[in-house]
Amino acid sequence: MAEHTSHLLSKPSFQQLIDVLRSSGYRVVGPIVRDGAVVWDTVQQTGDLPIGWRDIQEPGRYRLEQTGDDRIFGVVHGPQSLKPFSFAPRESLLTIERTQNGFATTPTIPQSEKVAVLGARPCDVAGLAIQDRVFLRDAYADPYYQARREGLFLVTVHCTRALSTCFCASMGTGPRATSGFDLALTELPEGFVVEAGSSAGEDILAKLERRPATKEAINAANSRIASCAKSQMRALDTSHLPQALYDAHEHQRWDDVAARCLACGNCTMVCPTCFCHAVEETPDLDRQRSEHTRLWDSCFTQEHGYIHGKNVRPTIKDRYRMWLSHKLASWIDQFGSSGCVGCGRCITWCPVGIDLTEELPALLKPDARNTNRQT
Ligand code: SF4
Ligand code: SF4
């Protein structure tokens, strides 16, 4: 882990962080409470943030409650990860227009916007690194993703409270962020322990009224992060992956989970790493111009598995198996890491509470049908 020098920022000075980011040209985005959930939106003052709120998350359940305390980042996370900031849910890729001699195409690459995200969680910073691997690797960098990604400044908040659905400690992605951020904060009653993780972060930090963090403050921050890791109720044992999941391809448990799964696609929409998308063509009525649009898609839809006159994943069992096997097994072969960062969102936002930390161990147990056959 890289060593970062720690500073202490008092709670009243937090507004200064927002002001300095804004005067440095960033649109500052943070978590805000809207319609019973926390979502990202532009913030101008500390008071816009969800002070005193905390989230309760369980399989198929999300609830916010006001505690009356002064914690700014008491809410762990909402349904959105960092994904929409770099991989837009819907965006125009190019327009095609008729010309006298045929047609002309014009790419619609977005302008890079400077956006500072306050309160990104370590699991989401890890999820963004995985998306970077997918969209920016080698010669195949996606220019649309790249333009959005270049403008991002990430202020992560190390977690000091775990949800019942969190399992980042077992995935090695939290509750402390070790890289990928510009500034990292740990919230304490007296203020924030702050570290810079990039030169851009150092520049912002240098403009803040801060003092060196005392040993006591650093120890208190470390101890809160360590307690958060210990308190996690869920974990994923990935030591036998990817092979054990390939070996479970015909396991009876796939039928069991398929009987519960609604193929709604919620798990893929909230997942910080899922990147499936579709492309739509929208012609004008006069057939002179057409827009080519990319939008998030899900491997749980019928259409996504439809290739050249045949659906390669016609059943829900095929689709759930595809999703989990990609996420936890073939992703490792494809990209060199798991496709899961342990944020737990797919557990919370699944309407029937399907929990991959239950499904994986069940799939790795001997198949009851084979056991019965042998006895
Ligand atoms: S699979 Fe679930 S727990 Fe893992 S990163 Fe995606 S949403 Fe989070
Ligand atoms: S696992 Fe849950 S969230 Fe995912 S598609 Fe099935 S029902 Fe929807």
Listed by first then second residue, the pairs whose first member lies in the stretch 337-348 and is at positive phi, whose partner is more than 6 Å from ligand 1 (Cβ to nearest atom) and polar (S, T, N, Q), with beta carbons under 6 Å and at least 6 positions apart or on separate chains, are GLY342/THR173; GLY344/THR165
Close pairs (9 angstrom Cβ cut-off, 6 or more residues apart or separate chains): in the same structural domain as PHE73 (by TED's automatic domain parsing) in the stretch 145-157, part of a helix (DSSP H, G or I) and of a type in the set (Phe, Trp, Tyr) anywhere
TYR145/PHE135; GLN146/PHE135; ARG148/PHE85; ARG149/PHE85; ARG149/PHE135; GLY151/PHE85; LEU152/PHE85
Exactly one condition in (1) of a type in the set (A, V, I, L, M, F, W, C); (2) more than 16 Å from ligand 2 (Cβ to nearest atom); (3) out of contact with any strand residue (DSSP E or B) (no Cβ under 8 Å at 6 or more places or on another chain) is not met by ALA220; state its number.
(3)
Conditions (1) modelled with pLDDT under 95; (2) under 18 Å from the mean Cα position of the chain (by Cα); (3) not aromatic (Phe, Trp, Tyr); number of the one not met by ASP132
(1)
Go through the stretch 326-346 and give me each residue that's more than 12 Å from LEU241 (Cα to Cα), assigned to a helix (DSSP H, G or I) and within 14 Å of ligand 2 (Cβ to nearest atom).
ARG345, CYS346
Please specify each residue of the stretch 293-325 satisfying the condition of being part of a strand (DSSP E or B) and within 16 Å of ligand 1 (Cβ to nearest atom).
TRP296
If you take the residues in the stretch 291-316 that are buried (at least 17 other Cβ atoms within 10 Å of the Cβ) and among the charged types (D, E, K, R), which one is modelled with the lowest pLDDT?
ARG313
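Do any strands (runs of 3 or more DSSP E) lying entirely in the stretch 49-155 carry at least 2 residues that are of a type outside the set (S, T, N, Q) and closer than 23 Å to GLY25 by Cα, and which ones are they?
On the way: elements: 53-58, 61-66, 90-99, 102-107, 115-120.
Qualifying strands (runs of 3 or more DSSP E): 115-120.
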So, in the stretch 203-217, exactly how many residues are part of a helix (DSSP H, G or I) and touching a strand residue (DSSP E or B) at 6+ places or on another chain (Cβ under 7 Å)?
3
Counting just the residues of the stretch 265-276 that are assigned to a loop (DSSP other than H, G, I, E, B) and within 11 Å of ligand 2 (Cβ to nearest atom), which one comes out farthest from ASP297 (Cα to Cα)?
CYS271
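With respect to LEU262, is the statement that it is in contact (Cβ under 8 Å) with a residue 12 or more places away in the chain, part of a loop (DSSP other than H, G, I, E, B) and more than 14 Å from ligand 1 (Cβ to nearest atom) true?
When the stated conditions are applied, LEU262 passes them.
The values are calculated or read from the model by the stated rules, or taken from the named source; none is laboratory data. Computed from a predicted model, the values in this text were never measured in an experiment. Positions of Cβ are generated from backbone atoms using ideal geometry, with glycine treated the same way; all protein chains shown enter the neighbour counts.
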